[in-house]
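Written below as structure tokens is the structure these notes are about.
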Amino acid sequence: MESPSLPVTAKDWTSTSLHRVLCMQGGEGDVSYVNNSDCQALAITLCKPILISSLQSIKLFTSPIIRIADLGCATGSNTFDTVDTVVETLRQLFTTVYGGGSLEFEAFFCDLPSNDFNMLFRLLSEKQKVDSSKYFAGGVAGSFYDRLFPRGTIHVAVSLSALHWLSQIPEKVLEKGSRTWNKGKTWIEGAKKEVVDAYTEQSDKDLDDFLKCRKEEMVEGGVLFVLMGGRPSGSSSQFGDQDTRAKHPFTTTMEQAWQDLIDEGPFLAFALINLDLIDEETRDGFNIPAYMRSPEEVAAGIDRIGGFKIEKMEYMKIVESSDEKHEEWKKDPVSYGRARTNLVQAAIRPMVDVYLGPDLCDELFKRYENRVSTTREFLHITCFFGVVAFSAIRIE
């Protein structure tokens, strides 16, 4: 993978480098996505009936080969479980309709070049040694905001917990001194209306690009299934409740950790050799490139682009942890702080590492963990992760 210099400037960050560093944390370590994606797995499980229902209602058997694309696959069992669901559902349907016969499946696992494809295919190889529902598999490195396949070749396209990541940070929010400048913050939540509008504009453009590409790539009658971070209808916040707003990994604690790093900058520069100072301008150049769309925004995008008919769309709330785990963490705030920090690192550490460099990245997440571990009220409130799931059929 081609990497920018460390650290990168705000301009590079928004306009030239994001596609090279936006990925989930690879490997199998404590902060890896493989070991920190239980909430995503729960969301996939809850939304699976929407996918199955759409697959059962269509006729795709005009070709002896069914091609499946997982867009923004990351790595780990979540992507494999969904492809397995598609293969098993269509194989059963084919047997019911035709009483047997030959039907083969080809699955393409697609993500940015920064994704840990080595880990993905090692896990897939291990899985397929004991899995009877095999399919041919390949990897495609590229952005799902661009075309990835020839016209009319994909029968089923799925995208799981990926489409809320934007193609870039809106450049307007980095324009120092402007009304759209996201000064003092690292994300959209709680920002000025002008900042929110800039994110919304980027989100609409990205959604349009995603749908245009799938419109070209998919066969008529094909199924598009998307699960993304979302917010409830009518909410101006990225979340549906105040507790979630306070406790979400990207909000209060993240901003406090950055401020701690700024406040302790002179001490860090003295204690750690060759460590640059962190100032407010550095913090203001980092914005998390995520946007939680409402169902209405998704429906509006599909209407704008055309070529798809929505079969079903739902907003769901996913609880952050089980009751048992919640009670366990109440007794051990340090373990909770570590688990919470691992979760956020699995999502954004690669970006922070490139932006700050590895030493300061470590320092930031140490302060993040300390903040979570010592904020005892977090142990008594519940955070929900909102998702929007929809299935759509490719039509003329």
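Compared with the alpha-carbon gap, the fully stretched path from T374 to I262 is longer by 38.4 nm at 0.36 nm per residue. Applying the Karplus relation 6.51 cos²θ - 1.76 cosθ + 1.60 with θ = phi - 60° to the stretch 281-292 yields 3J(HN,Hα) values of 5, 5, 4, 5, x, 9, 10, 6, x, 10, 9, 8 Hz, where x marks Gly and Pro.
With a Förster radius of 35 Å, plug the Cβ-Cβ distance of K193 and V334 into 1/(1 + (r/R0)^6) and report the FRET value to the nearest 0.05. My answer for the efficiency is 0.35.
Give me the accessible area per residue for the stretch 128-247, probe 1.4 Å, as a whole number in Å².
Details: 4940 Å² over 120 residues.
I get 41 Å² per residue for the stretch 128-247.
Is there a pair in K48/K134; K193/K247; K134/K317; K247/K317; K129/K317 whose C-alpha atoms are over 24 Å apart, and which pairs would that be? Display every interim value, and only then the final one.
Values: K48/K134 20 Å; K193/K247 22 Å; K134/K317 33 Å; K247/K317 15 Å; K129/K317 35 Å.
With Cα atoms farther than 24 Å apart: K134/K317; K129/K317.
Here the stretch 198-251 has 44 percent of its accessible surface on carbon and sulfur atoms, given a 1.4 Å probe and all protein chains in place. Placing a pseudo-label 7 Å from each Cα along the Cα-to-Cβ vector at R91 and S178 gives an inter-label distance of 5.2 nm. Using the Cβ-Cβ distance between A141 and E220 with R0 set to 35 Å, the FRET efficiency works out to roughly 0.80.
Here the extension length gained between S233 and E126 equals 34.3 nm, from 0.36 nm per residue of separation less the Cα-Cα distance.
Near A157, once Lys and Arg are set to +1 and Asp and Glu to -1 for all other residues with Cβ below 15 Å from its Cβ, the sum equals -1. Between the beta carbons of S102 and A41, assuming R0 = 41 Å, the FRET efficiency works out to 0.80 to the nearest 0.05.
The values are calculated or read from the model by the stated rules, or taken from the named source; none is laboratory data. On a predicted model such as this, the values are computed, not experimentally measured, just so you know. A quick note on method: Cβ atoms are made from the backbone with ideal geometry, for glycine too, and the neighbour counts reach across all protein chains shown. Each accessible area value is taken on the protein alone, full model and side chains, heavy atoms only, with ligands, DNA and RNA left out. Shrake-Rupley method; radii C 1.70, N 1.55, O 1.52, S 1.80 Å.
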